[in-house]
Amino acid sequence: MTVPDFDAAVVGGGIGGIYAVHRFFERGLRVVGFESADGVGGVWRHNRYPGCRVDVESEYYCYFDPELYPSWQWTERYSPQPELLAYLEFAADRYGVRPHFRFNTPVTSATWNPSRNWYEIGTGAGDTVTARFLVMAVGQLSDARRPPFAGLAEFAGRWVASSHWPEDEVELAGRRIGVIGTGSSGVQTVTAVAPVAEHLYVFQRTANYSVPDHNGPLDVRGWAGYGADVLGLSQRMLSSPTGSGLPVAEVAARDLSPAERTRWLEERWAQGGHAMNLVFTDQGTDWESNGYVCEFVREKVRVAVRDPATAEALLPTSYPIGTRRLIVDTGYYETFNRDNVTLVDIRSDPIERITRTGIQTRDHHYELDVIVFALGFNAFTGSFDKANIRDGNGRTPTDNWRHGPRTYLGMMTTGFPNLFNLTGPGSPSVLANMVLGNVHQVDFVGDLVAHMGEHGYTRVEPTEAAQDAWTRHVADLSGTLLRRVVENYMVHVNADGSRVFIPYIGGLGRYVETCREVADDRYRGFAFA
Ligand code: FAD
Ligand code: NAP
């Protein structure tokens, strides 16, 4: 047998996987998609928790496709999860990708066959297929942390994870509910659940910065205007730092008077959401500048929360703002003014175990009917590693990542020919609009595969030198960042305590430009055979 079953196998049926299957098929490749869930949607299928919504404005968080864009209408500036899932199902239908997907079919192994130049892919359904190219669209935030608490099996109530919220009704109205975790998922859940709970207990380990999104109905005229020039909009976004229509910081805080600083802070606050990361040009690198933004947000918290002790416990003080992903909310702090909401500071009173009737901390017992875990993800490598990819010698792509990820353009790893990882480490990934990130990389991979076809190549991988240079470049860009010093899922910490910032911080525009230069230079840094 000299011809594999498929030209390309795509693993994952989220935003990236849908687009990859569509584009590869359109380019004439024989493509198969694998998705462990029962349908498309990825993050937006799994995270059905109440309050889940996008934190990038909807008009940017979608495929910039002239066929699709005018046929869809968002209702809100920041769409809620059901609408996002409906959109991805609509896109999957318009692209006609469902017949190419095998649902309920996790990829459980993928082994490179060096004599055939293809992958042998094993699935949870018990079959094996071969494919020349393996495209991992498994998501960077798709492998959820499991609850590590003792006693969970004894809990007589219902427990759920925000990351895998069940499709059946979870009865919340009139219930005593505990939410553990106050990242984006926890904050959104808390805000949505508080009005219906009999009582809501919020178990907070680290106080985070959260800023309002000022959500509201979508500006329909603006949407129609964009629809008239989708490709122009796409190019503008692809050359911008975040690909999401956010403003660019224009001034350094240290050059401003206190009154001017306040004016900029209020202006960005009024814009809402991630604009708060972009008040001053030096807030990401200068402690003092960053401190102005932190203190401004803390003051907003003090104003929003009536009880001074609760406000104090909610104040984020343990890290500079923007060094963990900023949380975007729809009235989170005001939730704590409700009589039926209690903040539990588990830093000072840690959780000891789950009991039959609730949660036991060191000093208190909380009686609960429902526990929601919003504990975050094994980011970047969680799902990638679980797919169990091996080279001809049994090594995995991340075996050499002990001192941080090593990639070329954040897409390929030396020693693993024909393997592409979408929106992975070393690419802008979670720092930019991830629809655009996925689309750009799929288009790059499609062009690369077409280039190989034209030249009769069956195998590609980055050279060691290109991978070393890119890995150094990614590290150099993050050298002065405050966000490198803070513990969070974007930082890899080595045994000696040194830190590597995982995504590419140079901005989406610069990244896209570099990829285009590489392609124009006959795919500089790639070795073909
Ligand atoms: P995913 O949507 O994660 O899809 C990956 C798919 O791969 C999943 O369906 C999974 O089941 C499947 N899979 C994994 N492993 C296997 C396997 N071995 N075999 C078969 N299938 C497998 N980003 C933004 O830019 N803006 C936002 O507002 C935003 N909000 C978010 C909200 C939440 C709750 C989360 C968790 C993430 C959010 N993100 C956001 C980041 C989000 O990851 C991306 O925006 C985007 O949805 C990623 O799409 P994807 O296709 O790359 O991956
Ligand atoms: P996260 O930001 O990692 O937050 C996890 C939370 O769980 C933190 O508060 C963490 O506390 C807490 N936690 C973890 N383990 C714990 C333990 N053993 N005991 C007590 N508390 C524990 O995860 P997330 O909220 O799911 O968000 C992950 C990413 O997904 C976001 O950064 C964002 O990129 C994306 N997201 C976006 C949106 C959106 O707005 N559209 C919504 C959800 C998710 P510590 O901080 O102390 O570790």
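The values are calculated or read from the model by the stated rules, or taken from the named source; none is laboratory data. Being a predicted model, the structure only gives us computed values, none of them experimental. Positions of Cβ are backbone-derived with ideal geometry, glycine not excepted, and every protein chain shown enters the neighbour counts.
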Is it the case that segment 232-241 has a residue that's out of contact with any Lys or Arg (no Cβ under 6 Å at 6 or more places or on another chain), within 30 Å of Thr355 (Cα to Cα) and hydrophobic (A, V, I, L, M, F, W, C)?
no
If you go through segment 175-193, how many residues are small (Gly, Ala, Ser), more than 12 Å from Thr330 (Cα to Cα) and surrounded by fewer than 24 Cβ atoms within 10 Å (Cβ to Cβ)?
1
Just one of (1) assigned to a helix (DSSP H, G or I); (2) under 22 Å from Ala9 (Cβ atoms) trips up Gly424, so point out which.
(1)
Considering segment 17-47 alone, what residues qualify as being under 16 Å from the mean Cα position of the chain (by Cα) and of a type outside the set (Phe, Trp, Tyr)?
Gly17, Gly41, Gly42, Val43, Arg45, His46, Asn47
How do the pairs read when you match residues in segment 284-306 that are farther than 11 Å from Tyr333 by Cβ with residues anywhere that are aromatic (Phe, Trp, Tyr), using Cβ under 8 Å and keeping only pairs 6 or more apart or on different chains?
Ser289/Phe280; Tyr292/Phe280; Val293/Phe280; Cys294/Tyr209; Phe296/Trp269
Scanning segment 48-60 for residues that are crowded, with 22+ Cβ neighbours inside 10 Å and either among the aromatic types (Phe, Trp, Tyr) or under 12 Å from the mean Cα position of the chain (by Cα) (or both), which turns out nearest to ligand 2 (Cβ to nearest atom)?
Val54
Have a look at Arg522, Arg459 and point out the one that is of a type in the set (D, E, K, R), under 26 Å from Glu120 (Cα atoms) and at pLDDT 95 or above.
Arg459
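With respect to Tyr489, is the statement that it is within 20 Å of the chain's Cα centre (by Cα) and either under 24 Å from Cys294 (Cα atoms) or surrounded by fewer than 18 Cβ atoms within 10 Å (Cβ to Cβ) (or both) true? Before you say what the answer is, go through the steps one by one.
Details: within 20 Å of the chain's Cα centre (by Cα): yes; either under 24 Å from Cys294 (Cα atoms) or surrounded by fewer than 18 Cβ atoms within 10 Å (Cβ to Cβ) (or both): yes.
Yes: the conditions hold for Tyr489.
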Only one of Ile321, Ile351, Ile346 is within 11 Å of ligand 2 (Cβ to nearest atom) and either touching a Lys or Arg at 6+ places or on another chain (Cβ under 8 Å) or under 30 Å from Ser240 (Cα atoms) (or both); which?
Ile346
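Going by what's in this entry, would Tyr69 be described as over 28 Å from Val328 (Cα atoms) and either more than 9 Å from ligand 1 (Cβ to nearest atom) or surrounded by fewer than 19 Cβ atoms within 10 Å (Cβ to Cβ) (or both)?
In short, no.
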